[in-house]
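Below is one structure, written out as structure tokens; comments come after it.
The values are calculated or read from the model by the stated rules, or taken from the named source; none is laboratory data. Everything quoted here is computed from the prediction, not taken from an experiment. So basically every Cβ, Gly included, is an ideal-geometry build from the backbone, and we count neighbours across all protein chains shown. Side chains are part of the model used for accessible areas, which takes the heavy atoms of the whole protein and leaves out ligands, DNA and RNA. Shrake-Rupley method; radii C 1.70, N 1.55, O 1.52, S 1.80 Å.
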Amino acid sequence: MSIIGWGGSALVVVSLLQTRILRLRFLNLIGCVILVGFNLAIPVWPMVGMNAVLAVINLVHLWRLLRHRHDVEEYAVLEVNAGDAYLGHVLTAHGNDISKFNPGFTLAASPYAFLVQRGERTVGVVLAHDAGDGRAQIDLDYVLPKYRDFTPGEFVYRRSDVFTDHGFQQVLASPRMRDSAPYLNKLGFHPDGKNLVLDLPQPA
């Protein structure tokens, strides 16, 4: 019986070590549910009450997170200059993580820069350059680790004016994004030779 209690406690501890907020809440919820059952069996009523309350809190947070996961009203896309000091700070602060998934990336080749905001928090960065023929080439689609379960970059692609205001008719996914094909397909990207391409609605 004690191994169940230790297992539940271990899950709660592991949850607090997570950088992704959705994973943190989910693991913490499971740990709390296990501890509710364990403490009911002993019984230790104060611990039952505490873990039951924590489980409800986790459920509420999970419901809110998942409810607004694809809500355009929750996110804002801000276009900034490629030389913007705050953009440089974000990229520098997460430089090691960016390099891990995007070897060889350099900001100099990306004159189009967009910050994805959730309230006051920056949750993602999308960088692009002009590939010619009315196509914008994505150079970086980066999500901060805490929000990596939420794919906030999608809000850049859903707002067609982000690119059409610059005269673009299509968006090319970065070759480094090939592993994200299912995610890109849901956003409307389709194969075009070796590229994944998004056709942008053109203003009337």
Number of the condition not met by Leu91 [criteria: (1) over 30 Å from His166 (Cβ atoms); (2) touching a residue at least 24 places away in the same chain (Cβ under 8 Å)]: (1)
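So that you can scan it fast, the table gives a plain yes or no per residue for (1) within 10 Å of the chain's Cα centre (by Cα); (2) crowded, with 20+ Cβ neighbours inside 10 Å; (3) in a strand (DSSP E or B); (4) among the hydrophobic types (A, V, I, L, M, F, W, C):
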residue	(1), (2), (3), (4)
Val126	no, yes, yes, yes
His129	no, no, yes, no
Gln137	no, yes, yes, no
Asp149	yes, no, no, no
Pro152	yes, yes, no, no
Phe155	no, yes, no, yes
Phe163	no, yes, no, yes
His166	no, no, no, no
Val171	no, yes, yes, yes
Considering residues of the stretch 22-71 that are among the basic types (Lys, Arg) and surrounded by fewer than 18 Cβ atoms within 10 Å (Cβ to Cβ) only, the residue modelled with the lowest pLDDT: Arg69
Residue in the stretch 72-96 that is least open to solvent (accessible area, probe 1.4 Å), counting only those that are charged (D, E, K, R) and either touching a Lys or Arg at 6+ places or on another chain (Cβ under 6 Å) or at pLDDT below 90 (or both): Glu74
Odd one out for Tyr112, checked against (1) surrounded by 16 or more Cβ atoms within 10 Å (Cβ to Cβ); (2) of a type in the set (Ser, Thr, Tyr); (3) modelled with pLDDT under 90: (3)
Identity of the residue in the stretch 2-21, modelled with pLDDT of 85 or more and among the hydroxyl-bearing types (Ser, Thr, Tyr), that ends up surrounded by the fewest Cβ atoms within 10 Å (Cβ to Cβ): Ser9
Counted residues, the stretch 173-200 - those being closer than 26 Å to Leu66 by Cβ and either open to solvent by 40 Å² or more (accessible area, probe 1.4 Å) or not in a helix (DSSP H, G or I) (or both): 11
